[in-house]
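See below for the structure under consideration.
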Amino acid sequence: MRRLTLIAIPYVWLLALFLVPFLIVFKIALSDSALAIPPYVPTLDLSEGWAGFTAFLSELDFENFVWLTEDDLYWKAYLSSLKIAVISTVLTLIVGYPIAYGMARAPQEWRATLLMLVILPFWTSFLIRVYSWMGILSQEGYLNQLLMSLGLISEPLIILNTNTAVYIGIVYTYLPFMILPIYSALEKLDESLLEAAEDLGCSRFTAFWLVTVPLSKQGIIAGSFLVFIPTLGEFVIPSLLGGSKTLMIGKVLWEEFFSNRDWPVASAVAVILLLILVIPIILFQRNEQKQREAEG
């Protein structure tokens, strides 16, 4: 019974917080939009019992999903989100790896403090941190004031409401998710392997590239997934820092739900987004399983 209870708890959690909400959203995606509260006509009425379910199957159509393929806005939003998520993940890796490497090579007594500094931004509300970047990146913001005071620029740069601002916001927000897995992998690195590589004639850079990077691969993969998955459906950062030309599927999803009040189409967008996210989630889980098997 104890084993069954331990196994049942995560499955009940997934059932209550993933499968049931997904089925509700999928049901709305198969409905028709209407001027009502809620703004759709359900095609499946559970109160009618088996007769209602039979009628639902006979009238089943995927009109809302077909509409997503016919309108350029949606598939362009998916592609743009994938592009921004990939570039943001690469930028976060470029920034995060040296930080994680420096933390892992720091003296033992400093590592806890450095780790706390990485986690420290989570003590502040995510929304407040994104809003603060609006004040930093605006034309009258602190960044332009600093650059102009140093004489590096003669007029303010236009950064806010561009894709550049979105990349800055995403890298800043998700940087700890990249640093922590890489730091965990680098901290376990046996330094005698580097010494052996240098004794065999490798330079420090060559030893780093042939020994350190491959041994930190699991941390790189885990950090990349932890950044890519939430970035793909990001809504707050592109809405606050991006302009009208910044097209991401999370932003489109919000507009369909709250501006257009087209819940069926918005639900179809959410279902497709979730199916896209399932692929990296499965790959991430397989990577974690392989890592546990290797450590075992």
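Only the coordinates and a few stated rules stand behind these numbers; no lab work does. Everything numeric in this text was worked out from a predicted model, so none of it was measured. Neighbour counts are summed over all protein chains in view; Cβ atoms, including those assigned to glycine, are modelled from backbone coordinates with ideal geometry.
Restricting to region 87-107, name every residue that is more than 18 Å from Pro181 (Cα to Cα) and part of a helix (DSSP H, G or I). Walk me through how you get there before you give the answer.
Applying the first criterion (more than 18 Å from Pro181 (Cα to Cα)) to region 87-107 yields 87, 107.
Matches in region 87-107: Ile87 only.
Here is a check on your reading of the model: is Leu117 more than 17 Å from the chain's Cα centre (by Cα), over 25 Å from Leu253 (Cα atoms) and in contact (Cβ under 8 Å) with a residue 12 or more places away in the chain? Give the steps one after another, and end with the answer.
Numbers: more than 17 Å from the chain's Cα centre (by Cα): yes; over 25 Å from Leu253 (Cα atoms): yes; in contact (Cβ under 8 Å) with a residue 12 or more places away in the chain: no.
No.
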Item to complete: Look at Ala112 and say whether it is assigned to a helix (DSSP H, G or I) and in contact with a helix residue (DSSP H, G or I) (Cβ under 6 Å, 6 or more places away or on another chain).
Response: no
Response to the item:
Within region 185-222, residues within 18 Å of Glu288 (Cα to Cα), small (Gly, Ala, Ser) and not in a helix (DSSP H, G or I) come out as Ser216
Practice prompt. Taking only region 124-156 into account, find how many residues are in a loop (DSSP other than H, G, I, E, B), out of contact with any helix residue (DSSP H, G or I) (no Cβ under 6 Å at 6 or more places or on another chain) and of a type outside the set (D, E, K, R).
Written response: 8
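Which members of region 80-132 meet the condition of being charged (D, E, K, R) and under 25 Å from Gly233 (Cβ atoms)?
Initial filter on region 80-132 (charged (D, E, K, R)): 83, 105, 109, 111, 129.
Answer for region 80-132, where residues must be charged (D, E, K, R) and under 25 Å from Gly233 (Cβ atoms): Lys83, Arg129.
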Discussion item. Please go through region 251-296 and give me each residue that is touching a strand residue (DSSP E or B) at 6+ places or on another chain (Cβ under 8 Å) and among the aliphatic types (A, V, I, L, M), ordered by number.
Written reply: Val265
Worksheet item: How many of the residues making up region 249-268 are farther than 16 Å from Lys76 by Cα, in contact (Cβ under 8 Å) with a residue 24 or more places away in the chain and in a helix (DSSP H, G or I)?
Response: 3
Practice prompt. Return the residue satisfying two criteria in turn: it lies in region 157-184 and is touching a Leu at 6+ places or on another chain (Cβ under 9 Å) and in a loop (DSSP other than H, G, I, E, B), and of such residues it is surrounded by the most Cβ atoms within 10 Å (Cβ to Cβ).
Written response: Leu160
